[in-house]
Amino acid sequence: MEILVPVWPAVASARAATQRLRDVRGARIALVDDNLDIPFTTHLASLLSERHGAKIERLVKPSGTAPSPRELIDGAATAHAAIVGIGL
Amino acid sequence: MKLVSESLSLDDYDEAVELFFERGWTDGLPVVLPTRRRVEAMIAHVGRDPQESLGPVPPRGGEATIEKLAINAVMGGCRPEHFPVVLAAMEAMMDPAHNLNGVSQTTHMCVSLIIVNGPIARELGFNSRDGVFGNGYRSNAAVGRAARLALWNLGGAVPWDTDKSTLSHPGEYAFCIAEEEEDNPWPPLHVDRGCPPGSDAVTVFACEGPHSIFCYGTPEEMLHVLADSMCALGNNNMHVMGQTLVTLNPLNAEEFAKRGWSKGDVRHYLWEHARRSLSDVRACGVVHEQFRKMERDAGRYPLRYDLDNPTTRLPVTPTPEDIHIVVAGGRSYFGAVLPGWGGFGGFAVTRPIIRPAR
């Protein structure tokens, strides 16, 4: 008997970063805030900037439970690195 | 019929069934094997282009083509006449208002419930009466499972992977009911939501499993216990509003109607009385406060509630219309409350069921 496959063929996985950061000092880092654990995210931002000298650009998602708006992703993409997925 | 799916040639039934487990193509139960003949019959019934797509199914984004949905519908146990219901349910779930991406991946326990309305429910033998959320009826089980398998195989909503539900509930296998429309004094759900009377429609709403409510007596007595059950502090609704579902059995509904209560009256009463004080809600902790802030920032938490005054009485939904009421089940003493995911999504979406042209 001929059985049809219920899934699509697997596609290529996410691309590797083109250039990894050697040091966060002086780097512009987009911190994508899921708007869920605000004190934690604030603490992380201050650690990165005050202790490690990074320049933090905090981008706040309207909702932590839905994908980021396109303009937020485009904004994060202009930084040297982005930190995403800060939930609870 | 030109189909594009990869196919396998297998002669042994047992081997074929086991292959679906080995490849991760099933939800933990055996499936009906999607043979070409069965899949073609499914597609032929709706008369649509097999490569027409309803869109990418989140979170993984596999295209929900008619062909792939037909394969999964066969696997779930559907007959061709069930397929229009499956398609309507998928269209509803994939509406952005439902936030299926979030529903499929949240740590919360919500699952998208499929509610079938219209003459098609009776014609296809959907259960709307005793044991409506339970087993025993092919249409409820097969349509419910077909949709879940599509989310599994096309959306990749798999536990320990993208599906982060902490505990989930058995509706992950199949979660589909029909509303009782004959033994019901009120207009059915889909008519409340704008569909013409006598039409066929599906409504999806992401919610917890049914919480039994001992609900019997005068309207005021029934409402007293329903309101108390709806505003339990463990509900997301109590912290970030959203939507909730109340299921009344036909005897409950009849009692309300005999005493002059419309469905809207019941909804308004519950909205006014299913409330907790801010001090009660705040006692749950700072994390809950943060969620409220996020919802307020997102414009989903009404500004009219003073979140600095501990005596403020907070409702479970932003408006009475966010309390959905369905009549289903046996004529008895029990109703059910099915809280939603809160303001984060899973909101009710209704789509017409398109019957094939004859």
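Of note:
- Test: residue in the range B:112-125 that is in contact (Cβ under 8 Å) with a residue 40 or more places away in the chain, farther than 29 Å from B:GLY242 by Cβ and within 14 Å of another protein chain (Cβ to nearest Cβ): no
- When restricted to residues that are away from chain B (no Cβ under 13 Å) and free of Cβ contacts under 8 Å to residues at least 12 places away in the same chain, the range A:64-76 contains 4.
- Selection count, the range B:7-35, where residues are part of a loop (DSSP other than H, G, I, E, B), at the interface with chain A (Cβ under 8 Å from one of its Cβ atoms) and more than 20 Å from B:LEU154 (Cα to Cα): 2
- Of the residues making up the range B:67-96, those that are in contact with a strand residue (DSSP E or B) (Cβ under 6 Å, 6 or more places away or on another chain) and closer than 17 Å to B:GLY155 by Cβ are B:ILE71, B:ALA89, B:MET90, B:GLU91, B:ALA92, B:MET93, B:MET94, B:ASP95.
- Check on B:VAL57, touching a residue at least 24 places away in the same chain (Cβ under 8 Å) and either on the phi < 0 side of the Ramachandran plot or not assigned by TED's automatic domain parsing to the domain that holds B:PHE126 (or both): yes
- Residue check for B:THR312: surrounded by 21 or more Cβ atoms within 10 Å (Cβ to Cβ), among the polar types (S, T, N, Q) and touching a residue at least 24 places away in the same chain (Cβ under 8 Å): no
- Taking the conditions (1) β-branched (Val, Ile, Thr); (2) touching a Cys at 6+ places or on another chain (Cβ under 6 Å); (3) within 14 Å of chain A (Cβ to nearest Cβ) in turn, B:VAL316 satisfies each one other than (3).
- Among the residues making up the range B:127-168, those that are within 14 Å of chain A (Cβ to nearest Cβ), within 27 Å of B:SER5 (Cβ to Cβ) and in a loop (DSSP other than H, G, I, E, B) are B:LEU154, B:GLY155, B:GLY156, B:ALA157, B:VAL158, B:ASP161, B:THR162.
- Restricting B:TYR301, B:TYR269, B:TYR305 to those that are assigned by TED's automatic domain parsing to the domain that holds B:TYR216 and within 16 Å of B:LEU226 (Cα to Cα) reduces the list to B:TYR269.
- Test: residue in the range A:47-59 that is charged (D, E, K, R) and either within 14 Å of chain B (Cβ to nearest Cβ) or in contact (Cβ under 8 Å) with a residue 40 or more places away in the chain (or both): yes
- A count restricted to the range B:54-106 and to residues that are in a helix (DSSP H, G or I), of a type in the set (A, V, I, L, M, F, W, C) and over 22 Å from B:LEU33 (Cβ atoms) stands at 7.
The values are calculated or read from the model by the stated rules, or taken from the named source; none is laboratory data. Everything quoted here is computed from the prediction, not taken from an experiment. Note: ideal-geometry Cβ built from the backbone for every residue, glycine included; neighbour counts use all protein chains shown.
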